[in-house]
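The values are calculated or read from the model by the stated rules, or taken from the named source; none is laboratory data. On a predicted model such as this, the values are computed, not experimentally measured, just so you know. Here the Cβ positions follow ideal geometry from the backbone for every residue, glycine too, while neighbour counts run over all protein chains shown. Surface areas here come from the heavy atoms of the whole protein model, side chains and all, with no ligands, DNA or RNA. Shrake-Rupley method; radii C 1.70, N 1.55, O 1.52, S 1.80 Å.
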Amino acid sequence: MTDLQMSLIAAGGVFIVGVFSYNKWQEHKTKKSVERAFASDHDDVLMRAGEPEPVARHEPSFEAEPAAAGTVVGTASGVGADSASGSGPACEAAQIAAGSAPAPSAAAELATSLVDPLIDCLLPLALEAPVRGDKILPVLQTLRLVGNKPVHYIGLHVNGDWEPIVHGGVYTKLQGGIQLASRSTALNELEYSELVTRLRSVADEIGAEPEIPDMIEVMAEARALHRFVAGHDAQLGVNLHSNGAPWAISTLLGALERQGFDLRPDGRFVMPDGDGAFLFSLSTNATLGEETTLRLTLLLDVPCVAPARDGFGAMVACCKSLMARLDGTIVDDGNQALSDEALLDIAGQVQEFYAEMEAADIPAGSIRALRLFS
């Protein structure tokens, strides 16, 4: 047998194997489509009596009640400046985890804060059929974090409202969102590639078709948002220095407790804001084995406290109270005394900082700010 004959036989064999493999792949795709279309585990909400019919598809906008003159109605591109009270998404999320949805208006507000076009990359998921929350939640839980970027989901309920996905809810459309930036990093190409791969797998399991945004555009938005975060990552501190002998840590504990500080499990002293969060923190600047300290440092995480709470003013007032109680002097990081005039000047700079964040639609202390600067 000649070399030409051998080559022809080999080429023919490769062609036959290729045709067979292609046919098997087409058969697998067809079988998968048929299984999805006629699977018995789909919720046929259209055929159930007594349940509302799915409404027409809507884009994820969240309209509030008609606003009074001079007020602004919140939409998907703008979230109200909620204060840093700790009573926002975290408390609502506890209700969702328990399987009960908040009141309709609260659910819509929470949906806006979970998947926010200003700080999230939106990931629409078109459903093949309406689905129940309890059937898709276990699958969605497998994709909640990529790198250090959280992934959230909301659903268009059959009543026409967007809401966080909960047990018992029936949804005609889903929308995912991955946060574009955090305090430390922007969403990068590797994280986005991982997201796309895992999202396709999740979508396949729940019978959905994902709409994947262009990576180049997403990366540009992520870097721009992170530049803003890095430029507004401000932590402002004032120090209280002893005028005499070092303070005993055991004595300080009582004084700080009387001042209103709470000692957190991580060892930080924090000043509660009355709503479950805190205004500012305090460090004794002492290591674990030290029994005395010459200086206390009070620290305000500026973008995480709403202007209405006047975190800086409260911190200075607290420092002055401790100054009288402990016999100390308010100083800067270079150990230079800070006069009342200097403190007023700093307060003015803080207000300018707040104005910049407000202009960027990321008000200090808002849910957006807390997500970005957490």
For every other residue with a beta carbon closer than 10 angstrom to the beta carbon of Thr142, add +1 if it is Lys or Arg and -1 if Asp or Glu, then tell me the sum.
+1
Ranked by how many other beta carbons lie within 10 Å on average, peptides 364-372, 132-140, 145-153 from highest:
364-372, 145-153, 132-140
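Could you give the semi-axes, largest first, of the ellipsoid that matches segment 223-331, computed as the square roots of 5 times the alpha carbon gyration tensor eigenvalues and rounded to whole Å? Walk me through the intermediate numbers first.
Values: eigenvalues 140, 45, 40 Å².
Calculated on Cα positions only, the semi-axes equal 26, 15, 14 Å.
I need the calculated FRET efficiency for the pair Ile346 and Arg198, taking r as the beta carbon distance and R₀ as 51 Å, to the nearest 0.05. Don't jump to the answer; show the numbers that get you there.
Details: r = 46 Å, r/R0 = 0.90.
Plugging the Cβ-Cβ distance into 1/(1 + (r/R0)^6) gives 0.65.
State the percentage of accessible surface on segment 114-153 attributable to carbon and sulfur atoms; use a 1.4 Å probe and exclude ligands, DNA and RNA.
Working: 870 of 1380 Å².
Roughly 63 percent of what the probe reaches on segment 114-153 is carbon or sulfur.
Can you compute the FRET efficiency between Ala129 and Ile216 using 1/(1 + (r/R0)^6), with r the Cβ-Cβ distance and R0 = 30 Å? Round to the nearest 0.05. Intermediate results must be reported in sequence, preceding the final value.
Numbers: r = 33 Å, r/R0 = 1.11.
Efficiency at R0 = 30 Å is approximately 0.35.
Could you please tell me the mean projected area of the C-alpha convex hull for segment 269-374, averaged over all directions and given in square nanometres to one decimal? Can you show the working numbers first?
Values: hull surface 31.9 nm².
If you wrap the Cα atoms of segment 269-374 in a convex hull and average its projections, you get 8.0 nm².
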Computed curve, segment 101-179, Cα-only Debye sum without solvent term, log₁₀ I(q)/I(0) at 0.15, 0.17, 0.25 Å⁻¹, is -0.47, -0.61, -1.28
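Is segment 125-231 best put as rounded, prolate or oblate by its Cα gyration tensor, with a ≥ b ≥ c the root eigenvalues, rounded for a/c under 1.5, and otherwise prolate when a/b is larger than b/c, oblate when not?
Values: a/c = 2.25, a/b = 1.91, b/c = 1.18.
Note, shape of segment 125-231 comes out prolate.
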